[in-house]
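Trainee: Sharing a structure here in structure tokens format.
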Amino acid sequence: MDVDQTQLDRSMALSKKLLSKDVAKERMTQEEADLALSRISTCTSLSGLENSDFVVEAASENFAVKKKIFEELSDVTRPEVILATNTSSISITKVAACTNRADKVIGMHFMNPVPVMKLIEVINGLATSDETYQTTLNLAEAMGKTTTTSADMPGFIANRVLMPYINEAAYTLQDGVASVADIDKTMKLGTNVPMGPLTLADFIGLDTCLAIMRVLHNDLGDTKYRPCPLLVKYVDAGFLGKKSGRGFYEY
């Protein structure tokens, strides 16, 4: 479900493209690919999810947006349906409080790009039931994913470590320590990571990075999580990374 039909069309086209690659590599047959596509339906309103058995929300990292979605999901889905959020930093307990079923709300943070990355962080809110947790683990396993479990703390595991790393790379650039290319080259070749922090930030989206840093800073209250002013300036300028054509790099 997406409010923008164009985004839905793009998503379906991407799904078809990825499945075609799997057919070409003989990971599945054309019949299996066609069957997989036939199982996907789209809609532009949350009311279209009324018959869903499990819902995963993946809107932007904005609590006000998520609050509105979960309030509506509480009304349109059956009471027994689990409502998961793909948030990468916002409190699951806080999201759950927007619903009429806090015991059935859970964090299910997929890593990007989802078809490639194997990990899902699973996060219980204060009221999340054991049944909800186990059902979520079973679903992740059925998807072929590996799970880790995090406490409901800002940033969880991945972004509690990753975002300060990216933020510090932005400070390193702002302070004139090195160029964008040399910062990324040093971390890529010096620490054996697949891409440098500034490239990674561009792929994630600088607005998303900033939103997560603000959650860490506001909720934990530690100055070490203060967003880099250069990162703020780039987002204000509309330099959001690969999706906007410019971030730390131009695309």
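The values are calculated or read from the model by the stated rules, or taken from the named source; none is laboratory data. Predicted, not measured: the structure shown is a model, and the values here were computed from it. Here Cβ is always computed from backbone atoms with ideal geometry, including for glycine, and neighbour counts include all displayed protein chains. Heavy atoms of the whole protein, side chains included, go into the accessibility calculation; ligands, DNA and RNA do not. Shrake-Rupley method; radii C 1.70, N 1.55, O 1.52, S 1.80 Å.
Trainee: List the trypsin sites (Lys or Arg not before Pro) within the range 109-174 that DSSP assigns to loop and that have no more than 12 neighbouring Cβ atoms inside 10 Å.
Mentor: Details: sites: K118, K145, R160; in loops: K118, K145.
Within the range 109-174, the qualifying trypsin sites (Lys or Arg not before Pro) (loop, at most 12 other Cβ atoms within 10 Å) are K118.
Trainee: For K68, list the aspartates and glutamates whose Cα falls under 13 Å from its own Cα; do not include residues on the same chain fewer than 8 positions away.
Mentor: Partners within reach: E57.
Trainee: Taking K224 as the anchor, which lysines have their alpha carbon closer than 25 Å to its alpha carbon, excluding any fewer than eight residues away along the same chain?
Mentor: List returned: K94, K185, K188, K233.
Trainee: Can you compute the modelled spin-label distance between D219 and V76, with each label point 7 Å from Cα toward Cβ, in nm?
Mentor: About 2.5 nm, to one decimal.
Trainee: What FRET efficiency do you get for A237 and A13 if R0 is 30 Å and r is their Cβ-Cβ distance, rounded to the nearest 0.05? Walk me through the intermediate numbers first.
Mentor: Numbers: r = 30 Å, r/R0 = 1.01.
Plugging the Cβ-Cβ distance into 1/(1 + (r/R0)^6) gives 0.50.
Trainee: For the range 88-176, rounded, prolate or oblate, judged on the Cα gyration tensor with a ≥ b ≥ c (square roots of eigenvalues), a/c < 1.5 rounded, else prolate if a/b > b/c?
Mentor: Working: a/c = 3.22, a/b = 1.60, b/c = 2.01.
Taking the square roots of the gyration eigenvalues as a ≥ b ≥ c, the range 88-176 is oblate.
Trainee: If you average the alpha carbon positions of the range 12-43 and of the range 146-163, how far apart do those two centres end up, in angstrom?
Mentor: 31
Trainee: Quick check for you: with a 1.4 Å probe and neighbouring chains kept, what is the accessible area per residue of the chain, in Å²?
Mentor: 55
Trainee: Something else now. Using a basic spin-label model with each label point 7 Å from the Cα along Cα→Cβ, how many nm lie between M28 and S179?
Mentor: 4.4
Trainee: N192 to K21: extension gain in nm, 0.36 nm per residue of separation minus the Cα-Cα distance? Present the calculation step by step, with values, prior to reporting the outcome.
Mentor: Details: separation 171, 0.36 × 171 = 61.56 nm, distance 2.82 nm.
Between N192 and K21, full extension yields 58.7 nm more.
Trainee: So, one more: Could you state how much accessible area H217 has, in square angstrom rounded to the nearest 10, with a 1.4 Å probe and all protein chains kept in place?
Mentor: 60
Trainee: Scanning the chain for GluC sites (Glu not before Pro) in DSSP loops with at most 14 other Cβ atoms within 10 Å, what's the longest stretch left with none? Numbers along the way, then the final one.
Mentor: On the way: sites that count: E26, E50, E80.
Counting at most 14 other Cβ atoms within 10 Å as exposed, the longest clean stretch of the chain is 81-251.
Trainee: Quick one: helix 158-174 against the long Cα principal axis of the chain, what's the angle to the nearest 10°, folded into 0 to 90?
Mentor: For helix 158-174, the angle is close to 30 degrees.
Trainee: Of the accessible area of the chain, with the probe set at 1.4 angstrom, what percent is carbon plus sulfur? If you can, show how the numbers build up before the last one.
Mentor: Values: 7420 of 13920 Å².
Accessible surface attributable to carbon and sulfur in the chain totals 53 percent.
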